[in-house]
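Notes follow the structure.
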Amino acid sequence: MTTADSVLDADQIARARLLLMTPVVKESMWPVLCAAAFAASTALTLATAMILAPPVITQHMVQSER
């Protein structure tokens, strides 16, 4: 059977195929870049705080006599 003999309208079939096609979603890189920048800045802040923090020294004020 040729397409000329078909009862179906070719234009309507093409329109239905276009409507049924899933839309292509383009993913954005901005959320990934923002998360990476936030993680990097947090890591640098923590490293700076650890370097600049005074050392922890424990010293007993009163020595107990035995």
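The values are calculated or read from the model by the stated rules, or taken from the named source; none is laboratory data. What you see is a predicted model, and the numbers here were worked out from it, not measured in a lab. Here the Cβ positions follow ideal geometry from the backbone for every residue, glycine too, while neighbour counts run over all protein chains shown. Areas reflect the complete protein model, heavy atoms only, side chains present, ligands, DNA and RNA absent. Shrake-Rupley method; radii C 1.70, N 1.55, O 1.52, S 1.80 Å.
For ILE57, the solvent-accessible surface with a 1.4 Å probe is about 130 Å², rounded to the nearest 10.
Using +1 at the Cβ of each Lys and Arg and -1 at the Cβ of each Asp and Glu in the chain, identify which of MET50, ILE13, CYS34 lies farthest towards the dipole's positive end. Final value for the positive-end residue is MET50.
Restricting to DSSP H runs of at least four residues, report the calculated mean residue ellipticity at 222 nm for the chain, -39500 (n - 2.57) per run over all residues, nearest 500 deg cm²/dmol. Show your work: numbers first, answer last.
On the way: 2 runs with 34 residues, N = 66.
Result for the chain, helices only: -17500 deg cm²/dmol.
In debye, nearest 20: dipole of the chain around its Cα centre with unit charges on the Cβ of K, R (+) and D, E (-)? Display every interim value, and only then the final one.
Working: 4 positive and 5 negative charges, 64 e Å.
Dipole of the chain, to the nearest 20 debye: 300 debye.
Karplus-derived 3J(HN,Hα) values for the stretch 24-37, using 6.51 cos²θ - 1.76 cosθ + 1.60 with θ = phi - 60°, are 7, 9, 8, 7, 8, 8, 4, x, 5, 5, 5, 5, 5, 5 Hz; glycine and proline are entered as x. The smallest convex shape that holds all Cα atoms of the chain, its convex hull, gives 208 Å³ per residue.
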